[in-house]
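The values are calculated or read from the model by the stated rules, or taken from the named source; none is laboratory data. All figures in this text were calculated on a predicted structure; none of them were measured in a lab. Quick reminder, even Gly has a Cβ in these numbers, built from the backbone with ideal geometry, and neighbours come from all protein chains shown. Only protein heavy atoms, including side chains, enter the accessible area calculation; ligands, DNA and RNA are left aside. Shrake-Rupley method; radii C 1.70, N 1.55, O 1.52, S 1.80 Å.
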Amino acid sequence: MTNRFAKFLMLGASPLMLAIAQPAYAQSTATQQLEAIESVTVTGQSLDFGGIMAPVTVAKERTTIGQDYINTQPAGQSIFETLNKVPGFSFTNSDAYGNSGGNIRIHGFDGNHVSFTWDGMPMNDTGNYAVYTNQVADSEIIGSASVNQGTTDVDSPTAAATGGVVSIITAKPQTEFRIQSDTSAGSYNYIREFMRVDSGEFGPWGTTAFVSGSFTNYDKWKGAGHLEKKQFNAVVYQDLGDLGWVQLAAHWNSNRNNFYNNPTFYPTVSTPNAAGTIYSTPLINGSAVTPVLAYGIDGNFTGTGATNNVQGFGYNWDEQPTCTHVAGVKGSAQFDTTCSSFYGVRINPSDTGNIRLSSLFHLTDTLSLAVDPSVQYVLANGGGYTSLSENDVKLRGASGAGVDLNGDGDTLDTVGVYSPNTTNTIRYGLNTSLVWRATPDHTFQLAYTLDFGLHRQTGQMGVIGPDGHPYDEFAGYRDVAHRVLDSTGVPVRQRDRRSHAIVNQIAFAYEGNYFEDMMHVSAGIRSPFMTRDLNNLCYQQVTGGSAGFPTCTTATPSAVAANGTVTLPGVAGALFVPPGQKSVNYNRLLPNVGFSFTPFGPQHQFYVDYAAGIAAPRTDNLYNGGSNGNCKTPTTAGCVYSAFSRVNPETSTNYDIGYRYSSDVVDVTVTAYNTQFKNRIVTSFDQDQGISVDRNIGSVNVDGVDTEVDFKPFDGFDVYTSVAYNHSRVSASALSTVVTSSTSAPIQLAGKSLVETPAWTFAQRYQYKWSDFTFGAGGKFVSSRYITDANDYKVPGYFTMDADITYDLGGLGWEGSYLKLNGWNLGNERYLGNLSTKICYRPGVAGCTSLPTVTPGSPRTVQFTIRSEF
């Protein structure tokens, strides 16, 4: 920093600016500013990361970790796994190192209902609101990460968060020139190289900057294939003295991953019945049905010496490592149409990037303006394989003639083609606020948020090469030379959508101190206006064997029938809804308020808070079609089909009441919470249709208790413990009664618990610093989880252990450098991580025979890292 700016800071800075100089752990720049003011007011001092978790003073449940703790964890690991010991937070990694992504649960909220922000920029996908945990910042550039377990912030830029926030803040550039590198090697041929270069202060205004890059490659822990990740980050920071500051950041991430195959997982009982049995491993809750054979998690029968196992495959079963392809005249793979599980087409390529600006300008001594604009880019798909008949309606198109795909002179064959569903998104965002500190005890915020996503989804098919691998990971979307074309030269697609996902939000907040700073009040209201402009350019099949799937063709359909459907030539017994456009809007006034009390001094803080939330139906799933509820048959009176589904927005109210105690020896937080949902949206993948389906299951009530303790009995020794209990139940309503078929009794969801959500989690970490060594060890227990809405099937709980040893090379004169050894799942626990849920699983009951799928957890893994600083 130049002498000029230093003088301004020391002599001319306003009280507002001094407050923002403290550490901040929230989302947007404005919210950071407000909470920094509150932290100084409540504690009288800046916060620090003396223990594993950072002290928190906001009137809501939150846990924050900093770079000191992040550095003890595996290099390159997903920040979500690093946060996994937080109470009320459950994350299941899809592989040991995090490059395959994972699944989040916070108080029963799935990742699509949780807001994820990076420097205040929303990261949830605009189409399905998913959080792609493998496409975020390298851990080395994250300054802090926090979890709001229940409530969002008043200016949260989200269309779907009904509770819970995960936020990461980029580390600031160093003020001195520095080169940092992490070189890592580990199990499954893991290699990773990370390098960061800090410029130090340069130029006439003391500008600072850093640039970083990383490369990661390793084999899958089971099956053929590997995972590769390349990432680039750059940050430029300008301190403007008493005028404020500006930070410009850029990010690029490229993943080329092979999928793991997720098997179905089920027990076998002697006499399965329609109700009253909970299928599990082993059978749980007792039942008149005695299990004869129950599948163990290792894939083998338990209770007998049989060698059969899960779905006929074992725990290590995966995608096909080879697949015989017969090259056609055009170089396509033609006759072997059973290779949909070949690892070469089971891929997950993604290119993501963003540019984000964070800024704070002090307009006067009491008035500040925060401006955080951003732009994001996404190109990604999940692979795919289609056995395409040369006479398929998509190929015949307007001419009615088939297409000779393999060049053998006829149109009688079925040819395997690469058919990924590719998403290309360009997203513009703005989060801006005026913050007015009217008096030292009263601060006001007026905020505006814009989130504008241009969401393009296509399924352009591409020819597969003679080795069975696609020529390009994004098929015909960018590989023009190997597109599959119909008889009129139009690219063949399996979907074609254009969407605008728009959020405009206005928010107002107030922060006030009363009774000589003994009570702090946070109150606000936000009003999001959400628009979904939907354009379906394909036909949506609503009856027949492929109901739910789009059909993109230039073929001429029949006239539109009274029920809104048409027929297509050559597709017997099926009705389609023609291409269409629809705009839907959602809006709600969402208040939130919090009170914190320190009647016995700043060491003891009591707090209560309330927040309302809304989740719009996922943009992607609004395209799945539906009817007006009168369509028992297509000819039923009043039956009308639509290309767009009918799902109401979900709303929530969240309540927290908690107590915090903070001292030099121990930090304790205990929080009781209650969340009430209306029109709860549940999404399950329907294997019969091959799509994810949203549905409202009515009202849901969730309550529980989270406890965390950070205990530092003596210098260098730290014990962190978290315990969380969660109880959920679906309320009785018309929506909680699910009709799976006309021949089976309805499925009653009333009184059932939410899927995937463990009732209990327990986590601990022990950390001890001795001389130049830091030793860490811990683990996490996750109780059993339901895998069906009807709670007739659950998977067992599990416990995983981890440990790390770091040797600081500073004692040898190599400051900032260390050697580190990490190991996780040290007990080699075999467990089930991500769950693909269903409404029900009851053998013999129509609509309940489709088995859920699961992701086996990764086995014992070790990693060694050398950090070097110059």
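Quick rundown of the values:
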item: Local electrostatic count at residue 361 - Lys and Arg +1, Asp and Glu -1, tallied over other residues with Cβ under 14 Å; result: -4
item: Hits among lysines - C-alpha to C-alpha of residue 820 under 27 Å, sequence gap 8 or more where chains match; result: 85, 172, 220, 222, 229, 230, 712, 769, 780
item: Carbon + sulfur, % of accessible area of region 710-794 - ligands and nucleic acids excluded, 1.4 Å; result: 62
item: Accessible carbon and sulfur surface of region 110-163 relative to its total accessible area, %, 1.4 Å; result: 49
item: Burial ranking of peptide ranges 607-616, 855-864 (average Cβ count within 10 Å, highest at the top); result: 607-616, 855-864
item: Segments 705-718, 236-249 sorted - mean Cβ within 10 Å per residue, highest first; result: 236-249, 705-718
item: Mean Cβ neighbour count within 10 Å, used as a protection proxy, ranking 542-550, 253-261 highest first; result: 253-261, 542-550
item: Distant-in-sequence amide H partners of residue 151 (H built 1.01 Å from N, under 5 Å); result: 61, 164
item: Hz values of 3J(HN,Hα) by residue in region 756-770 - Karplus curve (6.51, -1.76, 1.60), Gly and Pro given as x; result: 6, 9, x, 6, 10, 9, 9, 9, 9, 9, 10, 9, 9, 9, 9
item: Net charge, residue 673 excluded, C-beta distance under 9 Å - Lys, Arg +1, Asp, Glu -1; result: -4
item: ³J(HN,Hα), Karplus 6.51/-1.76/1.60, whole Hz, each residue of region 795-801, x for Gly, Pro; result: 10, x, x, 7, 9, 10, 10
item: Cα-based reach from residue 752 at 17 Å (exclusive), listing lysines while leaving out same-chain residues under 8 positions away; result: 678, 794, 838
item: Surface per residue (accessible, 1.4 Å probe) for region 50-161, Å²; result: 13
item: Residue 757 long-range amide H proximity, modeled H, under 5 Å; result: 786
